[in-house]
Amino acid sequence: YHNKAMKFLGGLIGFSFYTILPGFFQHFTMTKIEDEITHNLRKDVFSKLVLMPAPWYDRPENEGGQVASTYGLDVKEVSTLVTTYIPIIVTNFTTITAGTILCLTYMWKIGLLSFFSIPLIAIGGYVTMIFIGGYDDESLHRYDSSDKLAS
């Protein structure tokens, strides 16, 4: 039993490294991408804001605090999109594809069942996206009143 347990332990440790290393690599890569995207977006927005004509800043919707807060939130949303949602989508797509291929290879009946359940998973993701997207409008409305205090 000792040799069997050692093989199992070795396999478990190997599998843990196999799952930890891609997660670390993904997190490291997405953090680098987020930093670069955030830097470039802020630089571009600042260069556009500096070149805006002076009467543009006189409008009530373009006051300094509100403009800075709005563009800061927009940059944060884009970086969140890139670093959070895209890796989740890629991971889910890869998992679904690999699981379907494995099921079709080893048990074709279960493989067909999993293949035909993919649209249900997509519909569930779409409904979740609608619910999450609905809360952003409410929070943006709440932040508008606090932006006016800053300016």
If Asn40 passes every condition in (1) at pLDDT 85 or above; (2) open to solvent by 70 Å² or more (accessible area, probe 1.4 Å) but one, which one does it miss?
(2)
Looking at (1) assigned to a helix (DSSP H, G or I); (2) at pLDDT 80 or above, which is the only condition Thr80 fails?
(2)
Report whether or not Pro55 is part of a helix (DSSP H, G or I), on the phi < 0 side of the Ramachandran plot and loosely packed, with under 12 Cβ neighbours inside 10 Å.
yes
Test: Met6 is in a helix (DSSP H, G or I), open to solvent by 70 Å² or more (accessible area, probe 1.4 Å) and out of contact with any Cys (no Cβ under 8 Å at 6 or more places or on another chain):
yes
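Yes or no: Glu34 open to solvent by less than 80 Å² (accessible area, probe 1.4 Å) and acidic (Asp, Glu)?
yes
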Those residues of the range 38-47 which are of a type outside the set (Val, Ile, Thr) and under 14 Å from Gly72 (Cβ atoms) amount to His39, Leu41, Arg42, Lys43, Asp44, Phe46
Matching residues, the range 15-65, being under 26 Å from Thr80 (Cα atoms), without any contact (Cβ under 8 Å) to a residue 12 or more places away in the chain and of a type in the set (Asp, Glu):
Asp35, Glu36, Asp44, Glu61
Read through the list (1) in contact with a helix residue (DSSP H, G or I) (Cβ under 6 Å, 6 or more places away or on another chain); (2) within 22 Å of Glu36 (Cβ to Cβ), then give the number of the only condition that Gln66 fails.
(2)
With the structure loaded, tell me whether Thr84 is in contact (Cβ under 8 Å) with a residue 60 or more places away in the chain, among the β-branched types (Val, Ile, Thr) and closer than 22 Å to Ile132 by Cβ or whether it fails that test.
no
Of the residues Val127, Val90, only one is surrounded by fewer than 12 Cβ atoms within 10 Å (Cβ to Cβ), under 26 Å from the mean Cα position of the chain (by Cα) and closer than 27 Å to Thr19 by Cα; which?
Val90
Scan of the range 93-128 for residues that are of a type in the set (A, V, I, L, M) and in contact (Cβ under 8 Å) with a residue 12 or more places away in the chain, ordered by number:
Ile96, Ile118, Ile121
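The values are calculated or read from the model by the stated rules, or taken from the named source; none is laboratory data. If you're wondering where the values come from, they're calculated on a predicted model, not measured in any experiment. Cβ coordinates were reconstructed from backbone atoms using ideal geometry, including for glycine residues, and neighbour counts include every protein chain displayed. The protein model used for the area step is the full one, side chains on, heavy atoms only, and it has no ligands, DNA or RNA in it. Shrake-Rupley method; radii C 1.70, N 1.55, O 1.52, S 1.80 Å.
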